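Below is one structure, written out as structure tokens; comments come after it.
The values are calculated or read from the model by the stated rules, or taken from the named source; none is laboratory data. None of these values were measured; they are calculated from a predicted model. Reconstructed Cβ throughout: ideal geometry from the backbone, glycine too, with neighbour counts over all protein chains shown.
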Amino acid sequence: MKRNSLTLTIGALLILIVVLLLFMFQVRKSEVAVITTFGKPTRQIMDPGAYLKWPWPIQNVHKFDQRAQNFEAKLTEGQTADSFNLLTSVYVGWRITQPKDFFPKFAGNPDPIAEAERVLDRLVGNAKAAVISKHPLGDFLAPAGGGNKFAEIENEVLAAVRQDLRSQSYGVEIEFLGIKKLGLPEPVTQQVFERMTSERQVLISKSQFEGEAEAQKIRSEAERKAADMLSDADSEAMRIRARGEAQALQSLAIFQKNPELATFIFRLNALESSLKEKSVLILDQSIPPFDLFRWAATNISTRAEAR
Amino acid sequence: MERNIQKNGLVNLLVMLGVGVAGFAVARYSQSLAGQVSSLFVGLGVLVAAVSWFQMRLAEREQLEKFELEELARGHDRSALFEAREADLFPAQRSREQFDRFFVPIFTILLGLIEAGSAWLLWRWLAKSPAAAAVVASVKDPFLAMSMFGVFFLLLFILGKFAATIARLEDHRLLRPGAGLLMLCAYLSLAVAIGIAFVEGGFPRADFYVAAVLCGLLALVAAETLVVLVLEIYRPRVKGRVGRPLYESRLVGLLGQPESLITTAAHAVDYQFGFKVSETWVYRFLERAVLWLVPLQIAALLISTSFVIIQPGEQGLLERFGRQVEGRTLLEAGPHLTWPWPIDKVYRFRAEQIQSFNVGFAPDPAREREPVVLWTVAHTKEENFLIANRDARQQGAAAEAAGKRTPPVSLLTVSIPVQFQITNLVSWAYGNEDAAALLQNMATREVVRYLAGVNLDDLMSQGRGAASAELRDRVQAASDGRQLGARIISVGLQDLHPPVKVAPDYEKVLGAQQSRQAKILAAQAEAIRTNALAEAQATNRINRATADRRATEMRGLAQASLFTNQIPSYAAAPAVYAQRAYLLTFARATANARKYLWLATNTHDVIQFDLQESLAKDLLRDVTVPAPKSK
């Protein structure tokens, strides 16, 4: 008997839990909910808390995340006002503001959020292409304050998407939008690579020939400076020597006392100086002191003595 | 009173069919993997229940036929009755025998193949599911799913228990397979509901694990069915003894009645220990108490959810019926008391942990170990960023005139790891569905925007440090603008270089710059040498001139002095003095000279000199020896 009452109690408890689960539901702070009665949306819940409902299949609860959703739209190619092809992608932040409007449009899909993002992606794509075509490339690529209109372009796209959304009543609102990627199509990228390579080639040539020219200038300057130094030194040396000569000239007056002797001595000095290096002399017996051979060691003198 | 089990069989079949369809719908709707796998078990139960029910009908017809024949036999002449062939007399019996002989084995083979094939396909399906790839998979509308599977459990359990009891008490062998499957499906529904509860309780992969266990169970049942088929060939047939239906799984029967598991286990323990363990008070207590011990455990589990310990470095968000609890929204590290699940729920976050993401690259694990990072080798999955090119902008007009239009941009590869910390968990968790992804998007946007406005060469050289600080400030401002509740710790310009394709040309520029510098330095060295030597030479020349000057002066003075003394000597003996001076000078001067002396005077001589060196023509011309004075 006791065992049966325990079984009954546990069974009743389980049934109570099941019933509670069937009749109650919770909505988190991060959620909103739509209650459908026989498939028709009849109530939307925007505030968190515990709520009652009729059990399935009479009523059903569809919960959605009410926080800002964030997705990256497709990278698409567009043309700027100055006819450059530009790849852009944006990230978009959106939020469910009216679950009752959102539900019938997207809840038929297994993943309503993903479906909503697909729809938003198309809207953003249209708005983005329209805005980009109004701006030249320089509006995207310029220093801040130097013509860069990044933020203005984002705001224009955001305004265009919001306008589209207002007319559709999807029950969502776009909160923010930002450009996430800027790129170029592959063929243009190749061209940019080629141009970057050419720019580098210019720099390489510049460096090479500038170095050569600079080196030549330095060498030439050094040689000129050396020549200047040597010519200065030569002129200085000449001046010094001239001073020496001038000083030496003062003693010439003494030689004038006996010019014949002076000349003879100078000639002797000259002879001595000129024979300082390795010399070969061919002398005959008329040159003193070899003229001694004429009298002492020749046949003539021998024969003369015999006669 | 004879019970009409055919009706029970039909009820079992219809209930299983209904639960199977509803269970599959609920499982698909709630995206519960375990729910979908359990629906397959119910589907198999429907097949088995259908065949059982058909067999029951045949058995009932056979019984009715026997009864009618017995009635006829009592009212007619027996001999006349048995003149007809037995096959004509017992068509229902014959039909039942044919069914048992042919249809049941074929059905069992098909059942085994379906079970094996389903186990294989479900296993592959599970392996490909997001939950298997460790992506956090959530069950949609978990309360609905739990309550529905709870209802299925109750329904199947009550019906299964009833069918199993009747089958056991009244020995209806054909009711057993269906009853066993009803019970198993009831327990599987409970397991699915518990799995979903665990998912909701913070174990997101619980549903996946339950589904995987069910797959394994299905494979076991398939193996058992196939083994039973093989053993059936060798089973001894005893006349009059009716065997179990071939498609009845003993494993399912065992799992469908856990109490029989306990009995079996008790017998095994008794056998192992050699005495009646199952008769000890502990065992009997456990056997009696199991009914309330299990709910007690569940209650204890629920109460344990009232004690929450937030680990150091973590923060928790407390929600009561989904609402923030005033004054206790944020739970700091330490123990906390809450209402049990599902009234209160705590969501934990590693708020103090430094988190990071990358902008401009995706790490490539295969190349991360490379010790050298070069511009010319892609070391990550790199992305090219557009950067304004002022030089190209200037060249643009000329290029456009030449009919070639290239955008005035350059491309740059950057690797920017960004580190951040959550500072306001409430803003972080409730403001955005995926705040980390949003922060990464905003950081990428700031990088793109910043690069669009700077010069490539400036950025790659002296502007690098300033860029890092500027980017950090910009990302922080963007984060604050969206009230993300994050603090940007650092934005590191880890790697910044031209794309791999053009990087070699950039290196060549650096090489050319070095070569230019080398040439200039070599020229400077040469200039230094030239100037130093010239300076030395100049000094040398001046010194030599100074020396010459002094020599000239001194020689002049000396010669003058000598001459002054020579004059009296010469005056005293002019010829002798001159001859003496000449001879002394001649001897001194020619001491080292090679001398050839020609003495012949009276012949016409032909003189040949081979002096090896050319002599000056006027070697002797200017040398005049003073004529000797005649004495």
Inset, instruction - Collect the residues in the range A:251-269 that are of a type outside the set (Val, Ile, Thr), surrounded by fewer than 15 Cβ atoms within 10 Å (Cβ to Cβ) and more than 7 Å from every other protein chain (Cβ to nearest Cβ), keeping them in residue-number order. - result: A:Leu252, A:Ala253, A:Gln256, A:Pro259, A:Glu260, A:Phe266, A:Asn269
Legend entry - Criterion: assigned to a helix (DSSP H, G or I), in contact with a strand residue (DSSP E or B) (Cβ under 8 Å, 6 or more places away or on another chain) and in contact (Cβ under 8 Å) with a residue 24 or more places away in the chain - qualifying residue of B:Leu144, B:Leu181, B:Leu159, B:Leu155: B:Leu144
Inset, instruction - Answer yes if at least one residue in the range B:557-575 is within 26 Å of A:Glu277 (Cβ to Cβ), within 7 Å of another protein chain (Cβ to nearest Cβ) and modelled with pLDDT under 85, and no otherwise. - result: yes
Inset, instruction - Answer yes or no as to whether B:Leu597 is modelled with pLDDT of 65 or more, surrounded by 10 or more Cβ atoms within 10 Å (Cβ to Cβ) and farther than 30 Å from B:Asn565 by Cα. - result: yes
Inset, instruction - State which residue is farthest from the chain's Cα centre (by Cα) when the search covers only the range B:184-196 and only residues that are in contact (Cβ under 8 Å) with a residue 24 or more places away in the chain and surrounded by fewer than 24 Cβ atoms within 10 Å (Cβ to Cβ). - result: B:Ala186
Inset, instruction - With the condition kept exactly as written, say whether any residue in the range B:583-593 is among the charged types (D, E, K, R) and either surrounded by 14 or more Cβ atoms within 10 Å (Cβ to Cβ) or within 7 Å of chain A (Cβ to nearest Cβ) (or both). - result: yes
Inset, instruction - Would you mind stating whether B:Ala300 is exposed (fewer than 12 other Cβ atoms within 10 Å of the Cβ) and of a type in the set (A, V, I, L, M, F, W, C)? - result: yes
Inset, instruction - Please verify whether the range A:209-220 includes one or more residues that are within 7 Å of another protein chain (Cβ to nearest Cβ), crowded, with 19+ Cβ neighbours inside 10 Å, modelled with pLDDT of 85 or more and farther than 23 Å from B:Asp505 by Cβ. - result: yes
Legend entry - Members of the range A:157-187 that are in a helix (DSSP H, G or I), surrounded by fewer than 19 Cβ atoms within 10 Å (Cβ to Cβ) and either within 31 Å of the chain's Cα centre (by Cα) or facing chain B (nearest Cβ under 7 Å) (or both): A:Glu186, A:Pro187
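For (1) within 11 Å of chain B (Cβ to nearest Cβ); (2) without any contact (Cβ under 8 Å) to a residue 40 or more places away in the chain; (3) over 23 Å from B:Glu446 (Cα atoms), each residue gets a yes or a no:
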site	(1), (2), (3)
A:Thr42	no, yes, yes
A:Lys53	yes, yes, yes
A:Gln59	yes, yes, yes
A:Ser83	yes, yes, yes
A:Gln98	no, no, yes
A:Gly108	no, yes, yes
A:Ile113	yes, no, yes
A:Val119	no, no, yes
A:Ala129	no, no, no
Legend entry - Whichever residue in the range A:190-208 is at the interface with another protein chain (Cβ under 7 Å from one of its Cβ atoms) and of a type in the set (Lys, Arg) and, among such residues, is farthest from the chain's Cα centre (by Cα): A:Arg195
Legend entry - Flag if B:Leu246 is in contact with a Gly (Cβ under 9 Å, 6 or more places away or on another chain) and modelled with pLDDT under 80: no
Legend entry - Odd one out for B:Ala522 among (1) closer than 26 Å to A:Ser273 by Cα; (2) modelled with pLDDT of 90 or more: (1)
Legend entry - strands (runs of 3 or more DSSP E) lying entirely in the range A:1-106 (those with 3 or more residues that are at pLDDT 85 or above, within 30 Å of A:Ala130 (Cβ to Cβ) and in contact with a helix residue (DSSP H, G or I) (Cβ under 9 Å, 6 or more places away or on another chain)): A:69-72, A:76-79, A:85-96
Legend entry - Residue check, A:Ala215 under 30 Å from B:Ala547 (Cβ atoms) and either outside any loop (DSSP other than H, G, I, E, B) or charged (D, E, K, R) (or both): no
Legend entry - Among (1) free of Cβ contacts under 8 Å to residues at least 24 places away in the same chain; (2) within 21 Å of A:Ile132 (Cα to Cα) - the single one A:Glu214 does not satisfy: (2)
